[in-house]
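Read the structure below first, then the notes.
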Amino acid sequence: MSGRSVHLVGSYPADDARQAMTAAVRAAGPRLRTLADGEVGERRNWVMNIIDGFRDHPDVELRRDGDWSGYGETPVFRVKRGHRLTADALRLRHARDAETSFAEFTKIRADHGLDGLAFQVGIPGDLDLALFAFGPARALARRGAFREALAREIGEIAAWGGREVLFQLEYPVELVMAASAPAPLRPPVARFLARGMARPAAAAPPGTRFGVHLCVGDLNHRALKRLASTAPLVALTRALLRAWPDGRPLEYVHVPLASGDAPPTLDTAFYQDLKRLRTMPRDVRFIAGLVHPAQDVEDQRHVLRTVETLLGRTADVSSPCGLGRSSPAEAEQALTRAAALAALT
């Protein structure tokens, strides 16, 4: 077995968490280091259910409706006049869902003899939640309540999960912002964004385990931003590594080298900036989000070899985002493909 592992970003198309986790273990079990519960049901579309939940929030009202048919067709809210949005009024339900799924996880881990497997809990960024809920103009002013609410939920899960849980912090908005910044401004933009990205880890109990998922979006299997090169994700990763707090292990950074609507390019020039990650600590795994059904396995092997040559190290393998928007057959094929690429010699 090579040193590569397979990573399930989060969502998986299944009827319940047990079915999702069992399918993932059957497809890639020995190569999994962490296992998400599949984010089944209303969670399959990342934060959509949280945002839609504001329709019934007593302190919030709809400013512009949307049906989620595209990035410009999402509901946007505002705080009602005379009201405040506080962390205590936000119930994001990550802790509730994680505790429910953890019991199934421990059974599956034992049944398959995967003693070192950690339970992976996806946590969206506070800026990401604020932006999708209240729009770009109000996101910075509203992120504080989300930050406090997420910190509370991380603390609750860490209290009962300890080292058996790894929190995956998920940041599409930050990567899109870094990619949208002019090249000369990208380093300071990345530093500003990274400070906010690292705050959930700094607020967590010492020893809490983390991974980071960078993303370009997957609403209706379409990216919010198409990357012209790996330069933005490299700039953001480097800034995040510098901003990361001591005592909270960062175990991986997952980066999108493809998107739901586009496979990874075969143009090696796209990947050249990855050379700047050769100083990345060896105990922080680089997970290449390159698995894509529209590309044959030989081309995928070529991309993986290119990435590893530039990094000067092996890379773990994953899809660019969660698989919840795929069919069960497509999701199984993606994990099977990832396992085959991970076994590449």
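Can you grab the distance from the C-alpha centre of the range 244-305 to the C-alpha centre of the range 205-240, Å, no decimals?
Their Cα centres are 10 Å away from one another.
Return the lysines within reach of Lys275: Cα separation strictly under 27 angstrom, same-chain partners fewer than 8 residues apart disregarded; answer none if there are no such residues.
Lys225
Efficiency by 1/(1 + (r/R0)^6): what FRET value for Leu140 and Glu61, r their Cβ-Cβ distance, R0 = 25 Å, to the nearest 0.05?
Efficiency for this residue pair is about 0.80.
Using packing as a proxy for protection, rank 335-344, 202-211 so that the peptide with the highest average count of other Cβ atoms within 10 Å comes first.
Values: 335-344: 20.3, 202-211: 17.3.
In descending order of packing, they fall as 335-344, 202-211.
Taking θ = phi - 60°, what integer Hz values does the Karplus form 6.51 cos²θ - 1.76 cosθ + 1.60 yield along the range 269-281, in sequence order, with x for Gly and Pro?
4, 4, 9, 4, 5, 4, 4, 6, 9, 5, 8, 4, x
Please figure out what share of the DSSP beta bridges in the chain is antiparallel and state it in percent, rounded to the nearest 5. Could you put the intermediate results ahead of the total?
Working: 6 of 36 bridges.
If I count the DSSP bridges inside the chain, around 15 percent turn out antiparallel.
How large is the dipole of the chain about the Cα centre if only Lys and Arg carry +1 and Asp and Glu carry -1, each at its Cβ, rounded to the nearest 20 debye?
1260
How long are the semi-axes of the equivalent ellipsoid of the range 289-328, taking √(5λ) for every eigenvalue λ of the Cα gyration tensor, in whole Å from largest down?
On the way: eigenvalues 96, 30, 6 Å².
Each semi-axis is the square root of five times an eigenvalue, giving 22, 12, 6 Å.
Treating the Cα atoms of the range 52-148 as identical point scatterers in vacuum, please give the log10 of the normalised Debye intensity I(q)/I(0) at q = 0.17, 0.21, 0.22 Å⁻¹, two decimals.
The calculated log intensity ratios at q = 0.17, 0.21, 0.22 Å⁻¹ are -0.81, -1.04, -1.11.
Determine the shape class of the range 157-199: with a ≥ b ≥ c the square roots of the Cα gyration tensor eigenvalues, call it rounded for a/c under 1.5, and otherwise prolate if a/b is greater than b/c, oblate otherwise.
In terms of gyration-tensor shape, prolate.
Computed from the mean reciprocal separation of all distinct C-alpha pairs, what Kirkwood hydrodynamic radius does the range 263-332 have, in Å?
In the range 263-332 this quantity evaluates to 13.1 Å.
Once you have the Cα-Cα distance between Asp88 and Arg282, take 0.36 nm times their residue separation minus that, and quote the gain in nm to one decimal.
Result: 65.9 nm gained on full extension.
Could you give the alpha-carbon Rg of the range 6-342 over 2.2 N^0.38 Å, rounded to two decimals? Mind showing how you got there, number by number?
Numbers: Rg = 18.9 Å, N = 337, 2.2 N^0.38 = 20.1 Å.
Against the empirical 2.2 N^0.38 Å value, I get 0.94 for the range 6-342.
Taking a ≥ b ≥ c as the square roots of the eigenvalues of the Cα gyration tensor of the range 127-189, is the shape rounded (a/c under 1.5), prolate (a/b larger than b/c) or oblate? Let's see the in-between values first.
Numbers: a/c = 3.30, a/b = 1.71, b/c = 1.93.
Oblate.
Would you list the P(r) distribution for the range 1-107, with all Cα-Cα distances sorted into 10 Å bins from 0 and each bin expressed as a whole %?
That works out to 13, 33, 27, 19, 7, 1, 0, in percent per bin.
Ratio of Rg to Rh for the range 191-345, alpha carbon only, Kirkwood?
Values: Rg = 15.5 Å, Rh = 16.1 Å.
Checking Rg against Rh, the ratio lands at 0.96.
Among Asp37, Asp111, Asp316, rank each residue by its count of other Cβ atoms within 10 Å, from fewest to most, as a rough exposure measure. Intermediate results must be reported in sequence, preceding the final value.
Values: Asp37 29, Asp111 10, Asp316 21.
The fewest-first ordering by Cβ neighbours comes to Asp111, Asp316, Asp37.
Would you look at the GNM of the chain, springs on alpha carbons closer than 10 Å, and say which of Arg18, Arg325, Arg91 moves the most?
Result for the chain, Cα springs under 10 Å: Arg91 fluctuates most.
No lab work stands behind these numbers, since they all come straight from the coordinates. Quick caveat, the model's predicted, so the values are computed rather than measured. Please note: Cβ atoms are built from the backbone with ideal geometry, for glycine as well, and neighbour counts cover all protein chains shown.
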